[in-house]
Amino acid sequence: MDGNINKTVIRLEHIGMIYKTGTINYEALKDINLTIYKGEFFSIMGASGSGKSTLMNILGCLDQPTSGKYFLEDEDVSTLSKDRLADIRNKKIGFVFQGFNLIQRLSIIENVELPLFYAGVPHKEANIEAKKALRLVDIAENKENNFPNQISGGEQQRVAIARAIVHNASIIMADEPTGNLDSVRSNELMSFFKKINDERNVTIILVTHEPDVAAFAKKHIIVKDGHIVDN
Amino acid sequence: MKFPILLDIQSAFKTFARNKARSFLTTLGIIIGVASVIATVSIGQGASASVQNAINALGSNLLIILPGSSNLGGVQTGFGELSTLTLQDAKAIRKLPAVKTDAANIRMNEQVIWRGNNWGTSVMGTSSTFPVIKKWPVTKGEFFDKQQDDTAANVAVIGTTVATQLFGLMNPVGHIVLIHNVPFKIIGELKAIGFNAFGQDQDDIVAIPITTMMEKIAGISWVNIIMVSAKSKKDTGLAQNQITALLRQRHHIPPHKPNDFYVRNLTQIAQTAGSSAQIFTILLAAVAAVSLLVGGIGIMNIMLVSVTERTKEIGIRMAVGAKKNDILKQFLIESSVLSLFGGVLGIGLGVGISDLISLISPLHTILTIEPIIISIIFSVAVGVFFGFYPAYKASNLNPVEALRYE
Ligand SMILES: Nc1ncnc2c1ncn2[C@@H]1O[C@H](COP(=O)(O)OP(=O)(O)O)[C@@H](O)[C@H]1O
Ligand SMILES: [Mg+2]
């Protein structure tokens, strides 16, 4: 597709995840092997409870696997400290969640500035970057100082995309981003993901159980009972 | 990975602005604690300053002789409770070589009689310089002069309480009263000055020349307090020894028995006043500690609620790159700003209360910068200390679980 198709961004080797609740161990992921290349638009599908979010949390460095190795841009991140993982999330990964996950107390622009705030970018500069990101997802300037509950769900999710790309993340991870949107808004949102993928060559990993949504991606896997069953 | 702390402080203020009532109620403990400390310290400092002023006004070579037994193990609580000193003792003390013959003050409790009325008061034998030394002028008539003092004239100057009790609204000047069966002509009335720092009515007094007291009041007259001056400052110790020896001899006290009187010099009095001020300060510190503890627990409580309420926010912040210390710092700053805010309000309230006390009560309050600075430092310290546990809890949340929290 494009020139850097061969550059590996993510490589999972024999990843396993066991949740321990009291005396019960639940094996949510079993021997996951996966390679994702730079600029790919990748979808993970599967039934509810199959382990998609568990996989996504590991990919997003929010959680660590109980076994196996995870290489993110050739760095083994499966055993890093929590602070180091926070740093990686800040620099390399942008998240878009099903529930939007904007901080309600903060204005829209402040929400978008947040990753830059933790990166130590001066506020003036952060503000400029946040405005740029918001323009990219078609959020008008006059809505910047609104609070999340003052805009629609579709707009909130676009703000979340702006927050995901504001720090020039190389990977965007979206876990059921259209789960709370109707089909018109879903398509609209997906077209923004496509635009970012096309224009900025950002790797996008999308979790969804809707085939229409998954259709925006160019590569697909299906997870079932903690296994990858289909490529 | 550094960003200006100002942004955190600004964000803390925004948080409180969105929850004004709760923030105010949370800091109420700190507000009341700090306000009570400021107000009580200002009362304490006012009281100790007026005690110091009173002591300084007496002069540095002053000696005070009080009745009382030193084996009672303490300073007597009020005047006139024990009767061991007589007017004859006072006369003898005045003749000692190390003691100045003028400038003395003797007080005894006596009945003052005018026609059918009589009133028990403190009769003070003093000299003509009294109004000047004490800065206590007469408002009606005049004070006795040096000549009346020298000739032991039967004249008296009365305080307003005595005037009101005996004469009601009449002008007392010119009337004759009986004290210890001796007739005295009232020649003046002292200006009303009210109660002193110990709650005694200072206007309940009759001043007569000390010479008259010594020469004309016969029989056994119990004395409450004798104040004399040593000839010079360096004679103070000598005078003290002479007085002690004289009184032991006059009271026939055998060598192994303790004194039945006290002789105190100014240094000893100042020390006593100082040590009671110290006890007062320790008590205040204890009250302050308890109220700040209560205030701190209030802050900890609300910060724990806040951390729980904002679990999702913490998860989001962590997802976009906040580290443990970033979260810790955010909540510590919030709790410190909250308690500092309480401290500042408390100082305002405390200053107001202190001024009000000065205005509407006889107590004189003194505000200094120290308790204000200490209050500010303390309230921030309380915020950091009691905010630490909630902040630590927040910073240790697991990002996946925090994000899932609804
Ligand atoms: N923190 C956890 N503790 C225990 N079990 C969990 C935890 N998170 C997920 N699971 C279990 O792991 C399985 C996969 O969950 P998840 O990855 O959320 O599925 P999906 O996103 O595909 O619906 C489910 O059975 C779920 O109950
Ligand atoms: Mg899921």
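Conditions (1) away from ligand 1 (no atom under 16 Å from the Cβ); (2) among the aliphatic types (A, V, I, L, M); (3) closer than 21 Å to A:PRO115 by Cβ, marked per residue:
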{"position": "A:ILE44", "(1), (2), (3)": "no, yes, no"}
{"position": "A:ALA47", "(1), (2), (3)": "no, yes, no"}
{"position": "A:MET56", "(1), (2), (3)": "no, yes, yes"}
{"position": "A:SER78", "(1), (2), (3)": "yes, no, no"}
Residue list for the range B:325-381, filter: small (Gly, Ala, Ser), surrounded by 18 or more Cβ atoms within 10 Å (Cβ to Cβ) and within 30 Å of B:LYS393 (Cβ to Cβ) | B:SER335, B:SER336, B:SER339, B:GLY342, B:GLY343, B:GLY346, B:SER375, B:SER379
Collect the residues in the range B:115-144 that are over 17 Å from B:GLN202 (Cβ atoms) and aromatic (Phe, Trp, Tyr), keeping them in residue-number order.
-> B:PHE144
Could you check, for the range B:46-64, whether at least one of its residues is buried (at least 19 other Cβ atoms within 10 Å of the Cβ), modelled with pLDDT of 80 or more and assigned to a helix (DSSP H, G or I)?
-> yes
Hey, A:ARG105 hits all of (1) out of contact with any Cys (no Cβ under 9 Å at 6 or more places or on another chain); (2) facing another protein chain (nearest Cβ under 10 Å); (3) surrounded by 17 or more Cβ atoms within 10 Å (Cβ to Cβ) but one; which does it fall short on?
-> (3)
Cross-chain or 6+ apart pairs with Cβ under 9 Å, the range A:155-175 first and free of Cβ contacts under 8 Å to residues at least 60 places away in the same chain, then within 16 Å of ligand 2 (Cβ to nearest atom) and of a type in the set (Gly, Ala, Ser) | none
Restricting the range A:87-98 to residues that are more than 16 Å from ligand 1 (Cβ to nearest atom) and touching a residue at least 12 places away in the same chain (Cβ under 8 Å), the residue that is surrounded by the fewest Cβ atoms within 10 Å (Cβ to Cβ) | A:LYS91
Residue check: is A:ASN25 within 12 Å of ligand 1 (Cβ to nearest atom) and touching a helix residue (DSSP H, G or I) at 6+ places or on another chain (Cβ under 9 Å)?
-> no
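Residue by residue, here is whether (1) modelled with pLDDT of 85 or more; (2) of a type in the set (D, E, K, R); (3) out of contact with any Ser or Thr (no Cβ under 8 Å at 6 or more places or on another chain); (4) at positive phi holds:
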site	(1), (2), (3), (4)
B:THR212	yes, no, yes, no
B:TRP222	no, no, no, no
B:GLY237	yes, no, yes, no
B:ASN241	yes, no, yes, no
B:GLN249	yes, no, yes, no
B:PRO255	yes, no, yes, no
B:ALA270	no, no, yes, no
B:LEU283	no, no, yes, no
B:ILE297	yes, no, yes, no
Some residue of the range A:174-181 being surrounded by 15 or more Cβ atoms within 10 Å (Cβ to Cβ) and in a helix (DSSP H, G or I) = no
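Yes or no: B:VAL263 under 31 Å from the mean Cα position of the chain (by Cα), part of a helix (DSSP H, G or I) and in contact (Cβ under 8 Å) with a residue 24 or more places away in the chain? Let's see the steps before the verdict.
Working: under 31 Å from the mean Cα position of the chain (by Cα): yes; part of a helix (DSSP H, G or I): no; in contact (Cβ under 8 Å) with a residue 24 or more places away in the chain: yes.
Against the criterion (under 31 Å from the mean Cα position of the chain (by Cα), part of a helix (DSSP H, G or I) and in contact (Cβ under 8 Å) with a residue 24 or more places away in the chain), B:VAL263 does not qualify.
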Of everything in the range A:26-54 that's among the hydroxyl-bearing types (Ser, Thr, Tyr) and more than 16 Å from ligand 2 (Cβ to nearest atom), which residue is surrounded by the most Cβ atoms within 10 Å (Cβ to Cβ)?
-> A:TYR37
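The values are calculated or read from the model by the stated rules, or taken from the named source; none is laboratory data. Because the structure is a prediction, the values reported are computed rather than measured. Ideal geometry is used to build each Cβ from the backbone, glycine not excepted, and the neighbour counts take in all protein chains shown.
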